[in-house]
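Engineer: First the structure, which I've put down as structure tokens, then a few questions once you've had a look.
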Amino acid sequence: MRELTIESILSRVDELPEVPQIAFKAIQLLNNPDTQVSHLAEVISSDQALTAKLLRLCNSAFYGLARKVTTISEAVMIVGFSSIKSLVLMITTQTTMNKGLLGYKIGPGEFWTHSIGAAEVSRVLGQMIDYPEPEECFIAGLIHDIGKMVLNQYALPEVYKATNLHLKSQIPLYEAEKAILGFDHAAIGGALTEQWNFPPVLVESIRRHHTFESYYENGVLHPLPLIVATANLLVDLFHEKGEARQKFLAHEALISEVLDIDEAYLPELLPDLQRRVEETSQLAMLIS
Ligand SMILES: [Fe+2]
Ligand SMILES: [Fe+2]
């Protein structure tokens with residue numbers, strides 16, 4: 001039997017082959033506060049398909065701009081650096097994330113729907129607590145399950161086994177992964193984004209999205225990992241998943257302390273969140 005470790009798998013993944021280089025270049029530039037609009041526009045404009053889709057989204061009803069933007073420089077100035085970052089990531093990951101993940105018994109479109117839902121709910125939760133960069137929440141939510149894509153591609157037989165164990169024994173999927181592989185999709189997703197030099201708080205948000213383990217930066221609790229972990233549960237609660245409610249209750253004290261959400265507030269909150277997710281999904285539909 002082959003030995004699979006996080007290291008042995010990641011040594012075979014340079015980048016997920018289907019996530020284009022342009023996304024990484026653009027995200028790196030967007031993460032750098034010294035980046036000039038003109039340089040960013042140049043990088044994005046070198047990819048015609050990305051440019052066309054980005055302009056289509058910026059000109060959609062979602063942004064309600066008074067006049068049409070026709071160049072990337074204009075779009076960056078009017079819609080803003082942070083929103084452009086989310087849009088670029090959404091456009092460049094859509095094709096890959098829209099596919100099914102066979103080993104996890106996730107059908108075409110389902111993974112994308114879950115990821116977009118978690119992204120939008122993370123952004124709303126960020127706005128609710130005045131998080132300084134709600135777009136960062138969106139990005140973290142969008143890629144929180146990226147480890148599933150890696151494992152589905154590089155450890156398919158093990159993923160099958162873990163999924164079957166999860167379905168048969170009712171233990172959570174990430175526990176089943178740990179039982180079969182010794183680690184779960186959150187751990188490998190964290191390791192992968194660390195290898196890609198993503199900011200530590202994004203890496204930790206991916207790594208902790210099932211454990212709810214608090215993350216401190218300079219001695220201060222950072223809310224992003226908790227936002228993503230909670231968003232992941234809330235999107236499952238749209239579909240009345242019992243496992244998600246149990247998990248919510250298990251972490252209710254922390255969620256209520258940091259995000260001011262308790263079980264009694266859910267009937268009021270969930271329909272609002274669903275509406276926001278619906279709007280963002282419609283925006284995402286303009287990409288394909
Ligand atoms: Fe997950
Ligand atoms: Fe998830």
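The values are calculated or read from the model by the stated rules, or taken from the named source; none is laboratory data. Since this is a predicted model, take the numbers as computed values, not measurements. Methodologically, a virtual Cβ is constructed for each residue, glycine included, from the backbone with ideal geometry; neighbour enumeration extends over all protein chains shown.
Engineer: Can you pull out every residue in region 232-248 that is at negative phi, more than 16 Å from ligand 1 (Cβ to nearest atom) and at pLDDT below 90?
Structural biologist: Listed by number, the list holds a single entry, Gly242.
Engineer: Looking at region 124-166, which of its residues are surrounded by fewer than 21 Cβ atoms within 10 Å (Cβ to Cβ) and touching a Cys at 6+ places or on another chain (Cβ under 9 Å)?
Structural biologist: Correct list: Gln127, Tyr131.
The rows are residues; the columns are (1) away from ligand 2 (no atom under 14 Å from the Cβ); (2) in a helix (DSSP H, G or I); (3) in contact (Cβ under 8 Å) with a residue 60 or more places away in the chain; (4) outside the structural domain of Arg56 (by TED's automatic domain parsing).
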position	(1), (2), (3), (4)
Ile84	yes, yes, no, no
Leu87	yes, yes, no, no
Phe111	no, yes, no, yes
Glu120	no, yes, yes, yes
Leu125	yes, yes, yes, yes
Glu135	yes, yes, no, yes
Met149	no, yes, yes, yes
Gln153	yes, yes, yes, yes
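Engineer: Kindly provide the set of residues from region 137-147 that are among the hydrophobic types (A, V, I, L, M, F, W, C) and within 11 Å of ligand 2 (Cβ to nearest atom), ordered by number. Give the derivation first.
Structural biologist: Looking only at region 137-147, we keep the residues that are among the hydrophobic types (A, V, I, L, M, F, W, C), and these are 137-140, 142-143, 146.
Scanning region 137-147 gives Leu142, Ile143, Ile146.
Engineer: Being buried (at least 20 other Cβ atoms within 10 Å of the Cβ) and charged (D, E, K, R): is that true of Lys85 here? Steps first, answer last, please.
Structural biologist: Numbers: buried (at least 20 other Cβ atoms within 10 Å of the Cβ): yes; charged (D, E, K, R): yes.
Yes.
Engineer: Of all the residues that make up region 167-211, how many are in a helix (DSSP H, G or I), surrounded by fewer than 22 Cβ atoms within 10 Å (Cβ to Cβ) and within 12 Å of ligand 1 (Cβ to nearest atom)?
Structural biologist: The number of residues fulfilling the criteria is 4.
Engineer: I've got another one for you. Before we move on, is Leu151 more than 12 Å from ligand 1 (Cβ to nearest atom) and of a type in the set (A, V, I, L, M, F, W, C)?
Structural biologist: no
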